[in-house]
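Notes for the one structure printed next.
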Amino acid sequence: MLCEAVCGVVVETEADQILSIRGDADDPFSRGHVCPKVVGLKDVQTDPDRIRHPLRRAGETWTEVSWEAALDEASDRLAEVQARHGRHALSLYLGNPTVHSYTALLTIPLFAKALGTHARFSATSVDQLPQMLASLEMFGHQLLLPIPDIDRTSFFLVVGANPIVSNGSIMTAPDVAARLRALRERGGKLVVVDPRFTETAKVADRHLFIRPGGDAFLLFALLYTIFAEKLTRLTTLGPYLRGLDEVRELAARFSPERVAARTGIEADVMRGLAREFATSPSAVCYGRVGVCTQEFGTLSAWLVNVLNIVTGNFDRAGGVMFTTPAADLVKVASRLGERGHFGVWKSRVRGLPEFGGELPAAAMAEEMDTPGNGQIRALVTFAGNPVLSTPNGARLEQALSKLDFMVSIDLYRNETTRHANLILPTSFGLERDHYDLAFYALAVKNVARYVKAVTAPPPGVRHDWEVLIALALGLHDKGGGRRDRKVVLALKTLKRLGPKRVLDLLLRFGPHGKGLLGSGLSLAELEARPHGIDLGPLLPRLQDVIETGDGKVVLAPTLIVADVRRLETALAENVTADGELLLIGRRNLRSNNSWMHNTLRLVKGPEGCTLIMHPADAEVRGVTQGDRVLVRSRVGEVTVPVSVSTDIARGVVSLPHGWGHARHGVALEVARAHAGASVNDLTDDRLIDAVSGTASLSGVPVTVAPASPAV
Ligand SMILES: Nc1nc2c(c(=O)[nH]1)N[C@H]1C(S)=C(S)[C@@H](COP(=O)(O)OP(=O)(O)OC[C@H]3O[C@@H](n4cnc5c(=O)[nH]c(N)nc54)[C@H](O)[C@@H]3O)O[C@H]1N2
Ligand SMILES: Nc1nc2c(c(=O)[nH]1)N[C@H]1C(S)=C(S)[C@@H](COP(=O)(O)OP(=O)(O)OC[C@H]3O[C@@H](n4cnc5c(=O)[nH]c(N)nc54)[C@H](O)[C@@H]3O)O[C@H]1N2
Ligand SMILES: [Mo]
């Protein structure tokens, strides 16, 4: 409900009060495991700061208003902006928790269509966009993401991910720690490549420090060795690949010697790693946020796939595979002809490409604060906090304060939503029924679980899908949005049926479904088995799912290959100027992006928002443990305490994101007392992965100096 690991929970209640939440030992997938964040379910639900009625802002004063008045005003004002400035003057930002609500997932595509704007943004472009783009280009569908077979592999190479803390991402795997322990117990190996000696690195067989942004070079060097030493394994896959020769030729330009300085890893070590990976009985290379949100995000995401493919670890047990989810949105989307698209239109100011109908979040502020035809004048946010989660948040914040109108569908008045004219609150957590529509498609086993709501929502909130549909239909009635009868009809049908019925249809006509009468899955079947159902291990199924037309994997997509030249040029360039350090991020087990810092049980204890710095870098700057330092980048500065540690590579500093709650107007009592500073006041909206426009949040050049004592 708030985490990709989808652990099952048992909730004890009395008269609608939650007494306890613990791990569900009978859940076949999570087997009783939960992490500290589980307390967030209750704490957020019962948080005194949570919004429980629609709120309207006049200047700095907030007052409760009725739903009717709020929805009427919202649709009126949004329609007015579109009438006056054109459809694309209205923008939309979708935040990460959208994917944790099946009802939102089923409604959002229609809602977005109904708004009729090209100015759509989401957390995708500060996260997994490169992986989705690689999938679109290589497998023909943006949602065909290969998933690590973590339970059967014998070699797990983790590049730019920290599953011990994140609980696994685009790899839904409850209790990932136990799964990694099991890997080593069966004689397998875990190798972690990261600029920080992370919690995952600490349980690995080996950790390699890499220079931020060095991954594409490393992956090419591995491929160089594998091709040069004839270690490819293409027996069964061979006939299904296009572009192998091209990949071989490209890799031949990146010998381990040539890239050693740029990766910070010795040539021999890279060679050894390549041999081990390629000769293991099975192996997986797994990359996540650290390879995506960086200068060469798309190249890295692509090369991760290529490495798995050419070593024969693609579409087979112990390697990476595509899932067979009970509710198969990929299949449905394909049948509707929606496989994803890229670059069909460009952003107005910088000409950045759309992806699946969305523009990069790094372009959001400039689209709002740059005058001219098509300038964004209004915004709808849904479950997002882009002021803290997208690059150059301070610029975005300025831009939000100048919009003609903004409405936020959210639980809190936080750094972003405080700029809204209206906040529309929705149900949360155990107040709504739940099915992990997105994450079962990304899970390391095929599983399914549906749970009913446990408690009633507060009387003044509505379910997310109800709010989205009401807003879209209201906008239409006022003459705004896209004048498309099919979309309006679909919204009205969804309103009448409810998302639960749609889920039932998806299950019935999915790969494990019963259809209308047969035997197999339906919602009723799942309701009767609330601990969830094990649908078996992942299976090879490339030929069932691939959407490239000729059934072949495109190993060397033109769009991506074109960026190799930039990579090669970068080999000759200095990454940092004298005295500069490269800033990376980190996550903490007791924190979830920007929005769980208002629960005291999670934020108490040692300060979370500290800058980790290597002792040698600290010494030359005259900084010692606990000192407050001033961190500066091109776009801004923050002051934070330093934590001196050899757990980080020299020349690199790490600051977590999601902090910075001391901003004026934020109604988060607990978070304010543990405010920290926002790393995204340092990250730079100009730094992007050149192919996809994904924000390069990692590897930002900064300077660090002792902060002058507070006066
Ligand atoms: N507790 C907790 N769990 C979470 C979240 C949370 O905030 N808190 N957030 C959730 C979300 S939205 C997501 S998307 C997932 C993310 O899941 P992960 O990707 O597993 O999590 P991160 O901690 O972002 O891991 C990225 C790693 O990349 C490293 N890194 C940075 N730059 C580079 C680089 O250039 N090269 C390499 N090789 N590594 C680099 C970082 O040091 C970090 O260890 O986690 C989810 N789970
Ligand atoms: N520097 C840096 N920046 C990063 C990252 C990084 O690693 N480094 N990680 C990036 C990643 S991977 C992600 S996914 C993004 C996240 O970016 P966002 O999605 O923009 O931000 P969140 O902090 O997840 O904010 C979630 C919002 O949703 C609200 N919310 C929570 N649950 C619900 C619900 O059920 N209904 C409704 N209506 N609202 C709800 C919360 O109150 C909060 O306002 O941040 C990105 N930003
Ligand atoms: Mo994310």
* To do: Scan (1) part of a strand (DSSP E or B); (2) buried (at least 24 other Cβ atoms within 10 Å of the Cβ) for the single condition residue 680 breaks and write down its number.
  => (1)
* Among the strands (runs of 3 or more DSSP E) contained in the range 616-671, which hold 3 or more residues that are surrounded by fewer than 21 Cβ atoms within 10 Å (Cβ to Cβ) and touching a residue at least 24 places away in the same chain (Cβ under 8 Å)? -> 628-632, 637-644
* Look at residue 428 and say whether it is within 16 Å of ligand 1 (Cβ to nearest atom) and among the aromatic types (Phe, Trp, Tyr). => no
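Counting just the residues of the range 175-199 that are assigned to a helix (DSSP H, G or I) and of a type in the set (D, E, K, R), which one comes out farthest from ligand 2 (Cβ to nearest atom)?
By that ranking, first place goes to 185.
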* Please find, within the range 683-711, the residue that is farthest from residue 133 (Cα to Cα) out of those that are β-branched (Val, Ile, Thr) and surrounded by fewer than 21 Cβ atoms within 10 Å (Cβ to Cβ). => 711
* Asked: Across the range 254-296, which residue is most open to solvent (accessible area, probe 1.4 Å) among those that are farther than 30 Å from residue 657 by Cα and of a type in the set (Ser, Thr, Tyr)?
  -> 279
* Out of curiosity, is residue 49 under 30 Å from residue 422 (Cβ atoms), modelled with pLDDT under 95 and not assigned by TED's automatic domain parsing to the domain that holds residue 587? -> no
* Structure fact -> Across (1) crowded, with 23+ Cβ neighbours inside 10 Å; (2) over 19 Å from residue 667 (Cα atoms), residue 395 clears everything bar (1)
* **Residue check for residue 41: modelled with pLDDT under 95, open to solvent by 40 Å² or more (accessible area, probe 1.4 Å), in contact with a strand residue (DSSP E or B) (Cβ under 7 Å, 6 or more places away or on another chain) and of a type in the set (A, V, I, L, M)** => no
* Quick one: in the range 118-127, which of the residues that are surrounded by 23 or more Cβ atoms within 10 Å (Cβ to Cβ) and touching a helix residue (DSSP H, G or I) at 6+ places or on another chain (Cβ under 6 Å) is farthest from residue 328 (Cα to Cα)? -> 119
* Residue in the range 94-101 that is among the β-branched types (Val, Ile, Thr), within 22 Å of the chain's Cα centre (by Cα) and modelled with pLDDT under 95 present -> no
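The values are calculated or read from the model by the stated rules, or taken from the named source; none is laboratory data. Note that this is a predicted model, so its numbers are computed, not measured. Glycine gets a Cβ as well: all are built from the backbone with ideal geometry, and neighbour counts include every protein chain shown. Calculation scope for accessible area: heavy atoms of the full protein, side chains included, ligands and nucleic acids excluded. Shrake-Rupley method; radii C 1.70, N 1.55, O 1.52, S 1.80 Å.
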